1. Is it possible to state the helix-based mean residue ellipticity at 222 nm for the chain, with each DSSP H run of 4+ residues giving -39500 (n - 2.57), the sum divided by total residues, to the nearest 500 deg cm²/dmol? What is it?
2. With a 1.4 Å probe and every protein chain left in place, work out the accessible area per residue of the chain in Å², rounded to a whole number.
3. Mind checking the full-extension length gain between Ser12 and His32? Use 0.36 nm per residue of separation minus the Cα-Cα distance, one decimal, nm.
4. What is the distance, in nm, between label points placed 7 Å from the Cα along the Cα-to-Cβ direction at Thr169 and at Glu146?
5. What is the spin-label model distance, in nm, from Gln133 to Arg3 if the labels are put 7 Å beyond Cα along the C-beta direction?
6. Using each residue's phi in the stretch 54-65, evaluate 6.51 cos²θ - 1.76 cosθ + 1.60 at θ = phi - 60° and report the 3J(HN,Hα) Karplus result to the nearest Hz, with x for Gly and Pro.
7. Can you give me the long-range amide H partners of Val143? Hydrogens built in the peptide plane at 1.01 Å from N, cutoff under 5 Å, separation of 5 or more residues or another chain.
8. Search the structure for amide H atoms under 5 Å from the amide H of Leu72, placed 1.01 Å from N in the peptide plane, and list their residues when 5 or more places away or on another chain.
Amino acid sequence: MTRIACLHTVASNAALFDEALRAAGLAGVDLHHTLRADLLAAAEREGRLTPEIAAETVAVLRGLCAEADAVLLTCSTLGPAAERAALDAPIPVLRVDAALAAEAVKAGGRVVVLCAVATTVEPTRRLFEAAAQATGAEVSVQVVPEAWEAFKAGESDRYRTLVARAAGTAREDGATQVALAQASMAGAAALLSEAIRPLTSPTVGLAAAVAASRMA
């Protein structure tokens, strides 16, 4: 059994990743969920991922390595911490949006990346622009207005609707691909037709983690 340790900062993401695992049909994989909502809350208070928050995240990720075959950070705001943790970790440590970025830009064109929370914008922009260098894709990172407020208020349906509407608008405005930067946004994809459905991180991120664990 391949054991993937997931570090979440949003409690509802555990169910999203369990569902993504079932949908992907990845056999022989066991997910272990750890929730550290305080890390994202701290980044929101500071307005960014500070060195102190990054260091704490790195410590948590390295701790999860002890009983896993791969570790997956599912929070885009904290994403750069996974890259630091991976440098000397005994097993693969991945940020869930790295695989999303690679998939989104692989065909080039105009890629719109939607975020719900402002602290995600800069780490997401750096990640997607780095991935786009290999394909020439034009990347635009945008915040969905009012989405995070709806999420934090527990208005899940409104959250998904706002994200889906923004994804549809991006397509109408000429985007050749739309990606939802945060795992919590994944449920919005089902509200759109398959032809314009945006890319989401849980499925591609999990597949990347499983593949990395089996290559290690």
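The values are calculated or read from the model by the stated rules, or taken from the named source; none is laboratory data. Note that the coordinates shown come from a computational prediction; the quantities given were computed from them, not determined experimentally. So basically every Cβ, Gly included, is an ideal-geometry build from the backbone, and we count neighbours across all protein chains shown. Note: accessible area is taken over every heavy atom of the protein model, side chains too, but ligands, DNA and RNA are not part of it. Shrake-Rupley method; radii C 1.70, N 1.55, O 1.52, S 1.80 Å.
1. -15000 deg cm²/dmol
2. I get 44 Å² per residue for this part.
3. 5.8 nm
4. 1.0 nm
5. 3.7 nm
6. Calculated HN-Hα couplings, in order: 4, 5, 5, 5, 4, 4, 5, 4, 5, x, 6, 5 Hz.
7. Correct list: Cys115.
8. For Leu72, whose amide H was placed from the backbone, the distant partners under 5 Å are Ala5, Cys6, Leu7, Leu94.
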